[in-house]
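First up is the structure itself, then whatever we jot down about it.
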Amino acid sequence: CFVHGLARADSFPPITDAERALVSVPGSPNAAAVVLWRQGEVRMMDPTKGEISSHLTVRGRIKILKPEGAAQGDIAIAHSAFVRLNAFEGRTVLPDGRVVPVPKDVRFERTASRSKRLYVTSVPFPAVEPGAILDYRFEVSWDSLFYLDPWFFQEAGIPVVHSEIVFDIPNSVRAF
């Protein structure tokens, strides 16, 4: 379970018939994979309630369209001493409907910058093949109101069908 009550891996949103049937992307017919959707939710800390951290929850779904798309079966999450990776859940849904969860102990952390204490955690998905759908969600947190990473609506080298981010800002936070 996630720190802030995110559901278990078996409760990802249902895969639609349209998502299952997708074999190419309009406007990108040679795409090897596609981000079907990616959603972010920022919950800023509320100092009046004694909260000490802000949180970003990211949920996403990727479909592998061609064998070359298997390279998208590795989710990389940047974090630091300031922005902490709290949780990750994922699964691969194969074309025949079988579900293969991402094992909890399969994560690789590398140092991106020692001096800035920046890290990247990579999570490889199992059983990535054409027709597979990859679901994931993760949460990062930081102890500030003022730090916001950019949200990129388009990925490099892979088309995105839908991307959104929502900000939950407490009433006690004001900007003048």
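Contact annotation: residue pairs with Cβ atoms under 8 Å, 6 or more positions apart or on different chains, pairing a residue in segment 110-123 that is open to solvent by less than 60 Å² (accessible area, probe 1.4 Å) with a partner that is of a type outside the set (Phe, Trp, Tyr) and part of a loop (DSSP other than H, G, I, E, B), are Thr121/Arg107; Ser122/Arg107; Val123/Val102; Val123/Val106; Val123/Arg107. The criterion of being at pLDDT below 90 and either in contact with a helix residue (DSSP H, G or I) (Cβ under 9 Å, 6 or more places away or on another chain) or of a type in the set (D, E, K, R) (or both) does not hold for Lys66. Take the conditions (1) of a type outside the set (Asp, Glu); (2) touching a residue at least 40 places away in the same chain (Cβ under 8 Å); (3) closer than 18 Å to Val140 by Cα; (4) outside any strand (DSSP E or B); Lys104 misses just one of them, which is (2).
With respect to the conditions (1) touching a strand residue (DSSP E or B) at 6+ places or on another chain (Cβ under 8 Å); (2) over 12 Å from Ala127 (Cα atoms), Gly97 falls short on a single one, namely (1).
Take the residues of segment 149-172 that are of a type in the set (A, V, I, L, M) and touching a strand residue (DSSP E or B) at 6+ places or on another chain (Cβ under 7 Å): which is farthest from Ala33 (Cα to Cα)? Across segment 149-172, the extreme among qualifying residues is Val166. Among residues that are in contact with a helix residue (DSSP H, G or I) (Cβ under 8 Å, 6 or more places away or on another chain), hydrophobic (A, V, I, L, M, F, W, C) and in a strand (DSSP E or B), Leu36 is included. Just one residue in the set Ser115, Ser144 is of a type outside the set (A, V, I, L, M, F, W, C), closer than 19 Å to Phe167 by Cβ and not in a strand (DSSP E or B); that residue is Ser144. Would you confirm whether or not segment 82-93 contains a residue that is free of Cβ contacts under 8 Å to residues at least 60 places away in the same chain, out of contact with any strand residue (DSSP E or B) (no Cβ under 7 Å at 6 or more places or on another chain) and open to solvent by less than 70 Å² (accessible area, probe 1.4 Å)? There is no residue in segment 82-93 that is free of Cβ contacts under 8 Å to residues at least 60 places away in the same chain, out of contact with any strand residue (DSSP E or B) (no Cβ under 7 Å at 6 or more places or on another chain) and open to solvent by less than 70 Å² (accessible area, probe 1.4 Å). Could you say whether any residue in segment 52-66 is of a type in the set (A, V, I, L, M) and surrounded by fewer than 17 Cβ atoms within 10 Å (Cβ to Cβ)? Yes, segment 52-66 contains a residue that is of a type in the set (A, V, I, L, M) and surrounded by fewer than 17 Cβ atoms within 10 Å (Cβ to Cβ). For segment 39-84, what are the residues that are part of a loop (DSSP other than H, G, I, E, B) and among the polar types (S, T, N, Q)? If the condition is that a residue be part of a loop (DSSP other than H, G, I, E, B) and among the polar types (S, T, N, Q), then Ser53 is the only one that fits.
Open to solvent by 50 Å² or more (accessible area, probe 1.4 Å), more than 24 Å from Gln154 (Cα to Cα) and either of a type outside the set (Asp, Glu) or outside any strand (DSSP E or B) (or both): does that describe Asn30? Here the answer is no, as Asn30 does not meet what is asked. Screening Ser141, Ser172 for residues that are open to solvent by less than 20 Å² (accessible area, probe 1.4 Å), small (Gly, Ala, Ser) and in contact (Cβ under 8 Å) with a residue 12 or more places away in the chain leaves exactly one candidate, Ser141. Tell me which residues, restricted to segment 58-106, are under 22 Å from Arg117 (Cα atoms) and polar (S, T, N, Q). Matches in segment 58-106: Ser80, Asn86.
The values are calculated or read from the model by the stated rules, or taken from the named source; none is laboratory data. Given the structure is predicted, the values throughout are model-derived calculations rather than measurements. Positions of Cβ are generated from backbone atoms using ideal geometry, with glycine treated the same way; all protein chains shown enter the neighbour counts. Side chains are part of the model used for accessible areas, which takes the heavy atoms of the whole protein and leaves out ligands, DNA and RNA. Shrake-Rupley method; radii C 1.70, N 1.55, O 1.52, S 1.80 Å.
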